[in-house]
Amino acid sequence: MYRRLLPILSALILGMAPAMAQLPRTPQSYIAEGTALHQKGQYRQALEKYNKAIELNATYDQAYYQMAQAYYSLKEYGKCIAHCDLALNQKVTEYQPEANLLKGNALYAMGEYTSANEAYAHSLEAEANYQTYYALAKSQYKAKLPKKAQESLSLALSLKSTHAESHLLLSIIMEEQGEYQPAAFFPLTLLLLV
């Protein structure tokens, strides 16, 4: 009896395979595929998947943010910024801090330090973290705002006192400002942190 049912069940299962392949796709499934491609360095193919997610849901903030990341990886900073703005302009966005940080990084890469400072500040309004304060400090330093950069670095270090890059940039700024005494302790501070 079971031997007769096995070919019938196999035919049913195999016959359903094409129908199962036709199941509707979700924006989230395209994002997952795009993210996997992005992690492999296949940014153009990832963009295709993110576009498909947007075709299914034009207000999907994560898709715009992921596209911005792909464009950043491709060093297409103008497109990165445009897609950060698209993510930020959605009615509901969970990616506000990340999109502003990425936008700031793209502006920084383009040498637009004042605009980068604004993007970093918007990111910090939503979520304060040492990495964004450090990025802001670097941009402020490039924009010839050493005192503001010192303040940002102090805030970064108050959140993560072991962040070596913040200590290094702070010591460089302090030395340039003629504040040799505190900067002289930088190597000692690093030894204590290790």
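Distance from the C-alpha centroid of segment 111-138 to that of segment 38-110: 18 Å, rounded to the whole angstrom.
Taking Lys and Arg as +1 and Asp and Glu as -1, the other residues whose beta-carbon sits under 12 Å from that of residue 42 total +1.
Between residue 57 and residue 74, full extension at 0.36 nm per residue minus the direct alpha carbon distance yields a gain of 3.7 nm.
Give, as a single signed number, the net charge of other residues whose beta carbon lies under 13 Å from the beta carbon of residue 93, with Lys and Arg counted +1 and Asp and Glu -1. Around residue 93, the charge tally is -3.
Shown in residue order for segment 31-38 are the 3J(HN,Hα) couplings computed by the Karplus curve 6.51 cos²θ - 1.76 cosθ + 1.60 at θ = phi - 60°: 4, 4, 5, x, 5, 4, 5, 4 Hz (x for Gly and Pro). In the context of the full protein assembly, residue 147 retains an accessible surface of approximately 110 Å², using a probe radius of 1.4 Å and ignoring ligands and nucleic acids. Here residue 112 sits with roughly 90 square angstrom of accessible surface, probe radius 1.4 Å. If you take all other residues with their beta carbon under 15 Å from the beta carbon of residue 139, and give Lys and Arg +1 and Asp and Glu -1, the sum is +2.
Surface composition of segment 60-182: carbon and sulfur atoms hold 50% of the protein heavy-atom accessible area at a 1.4 Å probe.
The values are calculated or read from the model by the stated rules, or taken from the named source; none is laboratory data. In this text the structure is predicted, and so the values were computed from the model without any measurement. We place every Cβ from the backbone using ideal geometry, glycine too, and count neighbours over all the protein chains shown. The area values use the complete protein model at the heavy-atom level, side chains included, leaving out ligands, DNA and RNA. Shrake-Rupley method; radii C 1.70, N 1.55, O 1.52, S 1.80 Å.
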